[in-house]
Amino acid sequence: MIIKDFKVNKSCVNEQLILSDEKFPLDMDKRDFIKKVLKGAIAGSLFLVFPMDTTGGGNFDKNSTLKDGISTFDPTIKLPEEIPEIRDRQYDIYKQNFAFIVDITRCIGCGSCCVADKREYNVPDGNYRTWVERYIKDFDDQVYVDCPNGGLDGYQKPRTDIPLNARDTFFVPKLCNMCKEAPCVQVCPVGATFISPDGFILMDSDRCVGCAYCIQACPYSARFLNPITKTAEKCTWCYHRVRKGLLPACVEVCPTGARKFGSLNDENSEVYKILKGPGVLTVLKQSMGTLPALYYMGQRLEVV
Amino acid sequence: MSKHALRIAFVVASVVLMAGVGFVLKAQLIPKSFGLYGPYRADAIDEEAQRVLKHGTNASCFGCHQYEATIHLKGNHKTISCEFCHGTYSDHIKNGKKIANLPVKKGTEITTLCLRCHNTEIKARSTMVIKTVGIQDHLKKQNVKLTHTCNQCHHVHAPLKYINEAKKITGLMEVKP
Amino acid sequence: MNPTLYKASTELSHGASMLISNYVFPNDLHVHWSMMIVLYPYITGLVDGAFIIAALYYLFDVKSLKPIARFSLLFAFAFLCCATLPLLLHLGRPERNFNMLLTPSPSSAMAGFGYIYAVSMGVLSFIVLFVYRPDLVERGKKAKGFMKLLYRALTFDSNDLSEKALALDGKIIRFLVGLGIPVAAVLHGYVGFIFGGVKANPTWSTPLMPVIFLFSACVSGISAIIIAYIIIRKIGGHSVDSDCIRTCIKTLTGFFILAFSFEMLEVFSHSYLKTGYHHMVEGLLNGPLASSFWLWQVKICSVIPLILLGCMAFIPLKDAIYTAISGLVSAILLLQVFIMRWNVVIGGQLMSKSARGYTEFHPEWFDKEGIAAVIIIMLIPFIILFVLGKIFPFWAEERKSGIQ
């Protein structure tokens with residue numbers, strides 16, 4: 001597990017992120033407390049999920065013409081930009097630095113992210129670009145994990161098949177780790193998957209031969225072979241959205257701010273502040289030496 | 001050099017020639033943008049960047065649905081994505097025109113949807129993040145029929161909207177500084 | 001992949017007696033490398049082993065192997081022709097296979113395949129042509145029409161059988177065989193490395209993998225040659241050269257001891273080192289692979305042949321009995337190597353990368369990568385061998401009778 005090397009700089013700590021008791025004195029009515037916390041906390045993440053300014057949103061210019069040759073209507077034109085400094089400027093592919101942070105303590109296992117992901121990419125049934133696991137740990141250190149249908153249907157029922165003496169239960173969203181030393185990229189024999197200069201690991205489905213070597217090599221099982229196209233597929237952190245200044249679909253729909261995405265070039269971004277702050281961040285399977293750009297907050301050591 | 005050796009030299013030469021032709025052919029068949037950034041096709045990056053968006057943002061919905069927007073943005077559900085419950089933007093709007101109506105959840109569908117997040121029985125939900133209920137207990141405690149669906153008391157876009165309004169009317173609303 | 005697989009995995013989780021629940025990552029339920037990837041290293045292994053026999057004769061002058069040296073070359077060639085078939089059947093997009101040659105990624109262990117295969121195919125073809133040149137020249141003299149043209153092409157249009165020419169051929173053969181050994185070792189060793197280089201899979205990622213693959217390749221190839229030699233000779237009503245068989249068996253014994261030792265060493269190191277993934281490997285070998293690994297690969301197909309090979313080494317046996325046991329041992333060892341490939345390739349994938357559970361694999365009969373396809377692919381080399389036998393005489397003494 002990684003413990004981030006922190007530069008302590010208190011003035012930069014994002015106050016919105018700290019659910020400190022100081023902000024809400026303990027003698028408060030409990031319900032009120034929760035309500036306020038919810039308001040504060042959710043508003044904090046909401047600010048990042050979408051800017052509250054609605055004046056521009058949706059007043060689409062119906063005459064907007066063919067821009068990228070794909071659609072005559074570009075819904076991004078009037079949408080508030082969610083990742084600053086991307087739109088309307090030259091995209092310097094060498095100077096980008098994005099990070100994804102998953103906050104385990106905020107994930108409620110609703111599965112919105114999984115649904116959004118499936119819809120955004122038409123992911124075939126039984127394959128998952130992202131999924132949410134449920135962990136249950138009991139007092140004997142037994143760990144029970146499940147992930148019915150990848151979390152697509154949410155978690156409607158508690159587990160009844162295990163002795164219930166839970167010490168700790170939590171949800172863990174999983175997605176591509178965007179490793180800086182990506183084993184999938186290393187093993188691809190034809191260069192069909194690659195690390196783009198801006199740090200995304202993408203697929204070239206026009207060149208993929210479908211050998212599935214990348215699927216074997218990924219320590220996180222984030223890849224699958226699309227049964228229709230017979231080529232490998234993976235989470236791209238919604239590269240097409242990011243390049244339009246929008247957040248990845250899963251981050252977009254996350255109601256609690258458990259998934260956070262942003263540019264580290266932007267000192268106001270939540271991920272920048274978290275990575276700069278003193279909190280403990282970990283990555284998955286650090287011993288694999290893959291150097292993920294996906295960080296976890298509040299991760300328990302049982303999570304692999 | 002004997003005739004035999006000459007033949008062998010000819011064979012070796014043809015093998016080398018064939019290999020040479022192979023490499024020339026290979027150079028011709030490699031896609032143009034291959035190798036621009038590394039051993040891959042650089043155009044694949046742009047192709048991925050131009051993938052058609054399915055989801056918009058909440059702002060894309062609020063542009064037209066301004067009545068819902070005013071309610072949604074004031075309630076505790078303001079962080080919930082419109083598209084999660086109703087379906088994606090692209091299923092609704094294409095080229096600036098409405099192509100289909102998105103479904104509106106009804107009855108028990110709503111309860112199921114609410115309990116995806118708000119079910120206390122799923123213990124892995126931090127009270128710091130979300131308020132959860134055991135639905136049966138909750139209905140009993142509120143003295144309503146056990147067949148009640150959530151939206152009979154809670155506005156789905158702003159769950160405390162009616163409740164707060166009711167409290168105001170009945171004078172039960174806590175006065176806040 | 002499909003809902004039934006998921007059901008299977010949840011059922012497993014209910015009855016699991018392990019310390020942890022049986023949890024398989026949702027993308028890990030499907031075994032991506034199935035029987036075709038078992039078959040591919042099996043076929044290249046046969047090529048490798050057969051080539052070793054030829055090399056022992058042509059490069060290391062093991063004279064007793066003379067009767068089968070030429071045949072092993074043809075055998076290796078026939079199987080090498082089919083080595084790409086399982087790979088093409090396995091690929092999701094086989095029509096794009098030339099991408100491997102066009103844009104091989106310098107960082108990938110798999111990318112070299114196209115070139116390594118092309119070189120080994122070239123080297124082996126030329127070895128066959130040079131070794132057979134005297135026969136082909138003789139046959140070409142008697143042939144008519146198309147066959148005459150074919151023989152002319154196969155002899156590089158040179159009917160020079162003078163001592164000087166044959167000496168040159170001999171030098172070329174030695175050079176090509178010398179080149180062929182590293183090429184064959186790379187062709188098969190790299191297959192082992194394809195598995196050994198997957199750090200995400202704890203049963204695969206060991207530097208022993210290429211070594212194990214190489215030695216077991218030699219075992220399977222030599223076994224195959226022994227069986228093929230005995231059967232083809234018996235069918236043709238010819239005698240079996242017992243000196244040759246004895247040399248083969250000695251070589252086989254050596255390679256098998258090495259192969260089996262390394263296979264066991266790998267398991268032993270896992271269980272002794274007890275690294276983080278030890279419980280998963282242990283659970284795999286004692287769980288889903290309990291019968292295919294311990295019973296079949298180790299007990300039936302390794303210990304029994306070891307005992308038999310020991311008897312053959314220490315007890316003086318009559319030629320007929322020796323030959324019969326040789327056939328039996330070789331057959332068991334052919335099976336052993338196949339099961340070993342199965343346990344490595346498919347067995348390794350049964351472990352989910354969650355390190356918490358195992359998936360299942362059920363082979364299908366009529367699938368692109370099904371059992372029927374495996375049988376058909378394994379038959380094709382024998383058809384090729386049969387056709388080759390019409391042009392290239394298998395055995396040396398038939399040539400002598402042919403010259404008269």
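Think of the protein assembly as shown as a dipole: +1 on every Lys or Arg Cβ, -1 on every Asp or Glu Cβ, centred on the Cα centre; then among C:Pro305, B:Ile99, C:Gly254, B:Ile99 lies furthest on the positive end. Restricting the calculation to Cα atoms, the stretch C:122-201 shows an Rg/Rh of 1.23 when the hydrodynamic-style radius is the Kirkwood one.
Approximating the spin labels as points 7 Å out from Cα along Cα→Cβ, the C:Ser107-to-C:Leu149 distance works out to 5.1 nm. Averaging the Cα positions of each part gives two centres, and for the stretch C:83-146 and the stretch C:43-79 these lie 17 Å apart. Taking the fewest neighbouring Cβ atoms within 10 Å as the starting point, the ordered list for C:Thr155, B:Thr127 is B:Thr127, C:Thr155.
The Cα center of the stretch A:222-282 and the Cα center of the stretch C:185-200 differ in position by 34 Å.
Taking the helices alone, chain C has a mean residue ellipticity at 222 nm of -23500 deg cm²/dmol, built from -39,500 (n - 2.57) per DSSP H run of at least 4 residues and averaged over all its residues.
Would you mind pulling out the separation of the Cα centroids of the stretch B:72-149 and the stretch C:282-329, in Å? Between the Cα centre of the stretch B:72-149 and that of the stretch C:282-329, the gap is 64 Å.
Taking the convex hull of the alpha carbon positions in chain C and averaging its projected area over all directions gives 22.4 nm². Here, the stretch C:273-328 yields an orientationally averaged convex hull projection of 5.2 nm² when only Cα atoms define the hull. Restricting the calculation to Cα atoms, the stretch C:96-238 shows an Rg/Rh of 1.09 when the hydrodynamic-style radius is the Kirkwood one. Across peptide A:192-204, the average count of Cβ atoms from other chains found within 10 Å of a residue's Cβ is 5.
Spin-label model, B:Asn164/B:Ala100: points 7 Å from Cα along the beta carbon direction are separated by 3.5 nm.
Using the empirical formula 2.2 N^0.38 Å as the baseline, the Cα radius of gyration of the stretch B:105-177 reaches a ratio of 1.19. When the pairs C:Lys141/C:Lys234; A:Lys157/B:Lys145; A:Lys174/B:Lys131; A:Lys180/C:Lys199; C:Lys142/C:Lys390 are compared against a 19 Å limit on Cα-Cα distance, C:Lys141/C:Lys234; A:Lys157/B:Lys145; A:Lys174/B:Lys131 fall above it.
Treating the stretch B:41-104 as a set of equal point scatterers at the Cα positions, no solvent, please give the Debye-formula log₁₀ I(q)/I(0) at q = 0.29 Å⁻¹. The Cα Debye sum returns log10 ratios of -1.31.
Taking the Cα centre of the stretch A:139-193 as origin and assigning +1 to Lys and Arg Cβ atoms and -1 to Asp and Glu Cβ atoms, the resulting dipole is close to 200 debye.
Take every Cα pair under 8 Å in the stretch B:41-104 that's 6+ residues apart, average their separations, divide by the length, and report that relative contact order as a whole percent. This gives 32 percent for the stretch B:41-104.
Note that the stretch B:68-131, at 20 °C in a medium of 1.002 mPa s, gets a Stokes-Einstein diffusion coefficient of 154 µm²/s from its Kirkwood radius over C-alpha pairs. Counting Cβ atoms of other protein chains within 10 Å of each residue's Cβ and taking the mean over peptide A:140-150 gives 5. Between B:Met18 and C:Ala324, the modelled label-to-label distance comes to 4.8 nm, taking each label 7 Å out from Cα in the direction of the beta carbon.
Return the calculated 222 nm mean residue ellipticity for chain B, to the nearest 500 deg cm²/dmol, obtained by summing -39500 (n - 2.57) across DSSP H runs with n ≥ 4 and dividing by the residue count. Result for chain B, helices only: -13500 deg cm²/dmol. What FRET efficiency, computed as 1/(1 + (r/R0)^6) with R0 = 56 Å and r the Cβ-Cβ distance, is obtained for B:Asp91 and C:Ser269, rounded to the nearest 0.05? For B:Asp91 and C:Ser269, the calculated efficiency is 0.50. Taking one quarter of the surface of the convex hull spanned by the alpha-carbon atoms of the protein assembly as shown gives a direction-averaged projected area of 45.2 nm². Selection among C:Val123, C:Val31, C:His188 by position relative to the dipole of chain C gives C:Val123 as farthest towards the positive end (Cβ unit charges, Cα centre). Compute the FRET efficiency between B:Thr70 and A:Asn97 as 1/(1 + (r/R0)^6), taking r as their Cβ-Cβ distance and R0 = 41 Å, and round to the nearest 0.05. Result of the calculation: an efficiency of 0.60.
Scanning chain C for DSSP H helices at least 24 Å long along the axis (C-alpha atoms) with a Kyte-Doolittle mean no lower than 0.5 picks out C:35-58, C:66-82, C:113-142, C:163-196, C:208-235, C:242-273, C:319-350, C:371-391.
Remark: A:Phe139, C:Phe51, C:Phe213 ranked as A:Phe139, C:Phe213, C:Phe51, counting other beta-carbon atoms within 10 Å and listing the fewest first. When the charge dipole of the stretch A:230-303 is built from unit charges on Cβ atoms (+1 for Lys and Arg, -1 for Asp and Glu) and taken about the Cα centre, the candidate among A:Val271, A:Phe261, A:Tyr239 whose Cα reaches farthest toward its positive end is A:Tyr239. Pairs exceeding 19 Å between alpha-carbon atoms, taken from B:Lys74/B:Lys168; C:Lys144/C:Lys171; A:Lys118/B:Lys97; A:Lys95/A:Lys244: C:Lys144/C:Lys171; A:Lys118/B:Lys97. Compared with the rule-of-thumb size 2.2 N^0.38 Å for a compact globular protein, chain B has a Cα radius of gyration ratio of 2.07. Dividing the C-alpha radius of gyration of the stretch C:194-246 by 2.2 N^0.38 Å, with N its residue count, gives 1.78. In a simple Cβ point-charge model (Lys, Arg +1; Asp, Glu -1; nothing else charged), the stretch A:112-227 has a dipole of about 120 debye relative to its Cα centre.
Extent along the principal axes, Cα only, for the stretch C:199-337: 57, 24, 23 Å, with the longest axis given first. Among the helices of chain B, those built from whole DSSP H runs whose Cα atoms reach 18 Å or more along their own axis and whose mean Kyte-Doolittle hydropathy is at least 0.0 are B:3-29. Here the protein assembly as shown is treated with +1 on each Lys and Arg Cβ and -1 on each Asp and Glu Cβ, and its dipole about the Cα centre works out to around 840 debye. Highest GNM mean-square fluctuation among B:Ser33, B:Ser14, B:Ser90, for chain B modelled with Cα contacts below 10 Å: B:Ser14.
Rule-based calculations on the coordinates, nothing more; no lab input. No experiment lies behind these values; they were computed from the predicted model shown. In this analysis, Cβ positions are derived from the backbone assuming ideal geometry, glycine residues included, and neighbour counts consider all displayed protein chains.
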